[in-house]
Amino acid sequence: MEKQKLPNANTILILSILSVITCCLYGVVGIVLAVVAIQKAKKEEQLYWENPEQYASLGTVNAARVIAVIGLILSTIYLIFTLYLWIVIGEEGMAAFQQNLIEKARYQEELNQ
């Protein structure tokens, strides 16, 4: 009998990759996706160890777990950075910072033309 893939391995991998990609959305989205991926990976590992001869290896699930942890760390760092900016420079300071970045980008664009 051919070994099956774990049922949610690809889903966990997709959630993990999305947690890394979305870490810059104030950190919250990335944290949620990473935590969901880690929880699903834990359940898949339990499913594997209940009947290891029925399923293929845990390679995809372990890789997804590592990616989810990276996404969780990046998202947490970004969330802490955002909160720090809000506390230190306030909402007006952040708006001024973003406006300054936009002006610099426009200036660079004018120089390139």
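The values are calculated or read from the model by the stated rules, or taken from the named source; none is laboratory data. Remember, it's a predicted structure, so these values are computed and weren't measured experimentally. Cβ: placed from backbone, ideal geometry, glycine included. Neighbour counts: every protein chain shown. These area figures cover heavy atoms from the full protein model, side chains too; ligands, DNA and RNA do not enter into them. Shrake-Rupley method; radii C 1.70, N 1.55, O 1.52, S 1.80 Å.
Tabulated results
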| read-out | value |
| --- | --- |
| Farthest toward positive dipole pole in the chain [+1 Lys/Arg, -1 Asp/Glu at C-beta], among L101, I14, L83 | I14 |
| Per residue solvent-accessible surface (Å²) - region 31-87, probe of 1.4 Å | 62 Å² |
| The chain, accessible surface, carbon-and-sulfur percent (1.4 angstrom probe) | 64 percent |
| Rg(Cα)/(2.2 N^0.38 Å) for region 1-109, N = residue count | 1.49 |
| Per-pair calculated FRET efficiency, R0 = 35 Å: E103 and V69 via Cβ, rounded to 0.05 | 0.40 |
| The chain - charge dipole about Cα centre, Lys and Arg +1 at Cβ, Asp and Glu -1, debye rounded to 20 | 300 debye |
| 3J(HN,Hα) from dihedral phi, region 45-55, Karplus parametrisation 6.51/-1.76/1.60, rounded to Hz, x for glycine, proline | 5, 4, 4, 4, 6, 5, 8, x, 6, 8, 10 |
| Tilt relative to the chain, helix 59-112 - C-alpha long axis, 0 to 90 degrees, to 10 | 10 degrees |
| Crossing angle, helix 9-21 versus the chain [Cα axis fit, 0-90 degrees, rounded to tens] | 10 degrees |
| F81 accessible area, assembled protein chains, probe 1.4 Å, Å² | 110 Å² |
| Candidate aspartates and glutamates for bridging to K42, where Cα separation is under 14 Å - those fewer than 8 sequence places away on the same chain excluded | E50 |
| Proximal lysines to K40, defined as alpha-carbon separation beneath 21 angstrom and excluding residues fewer than eight positions away on the same chain | K3, K5 |
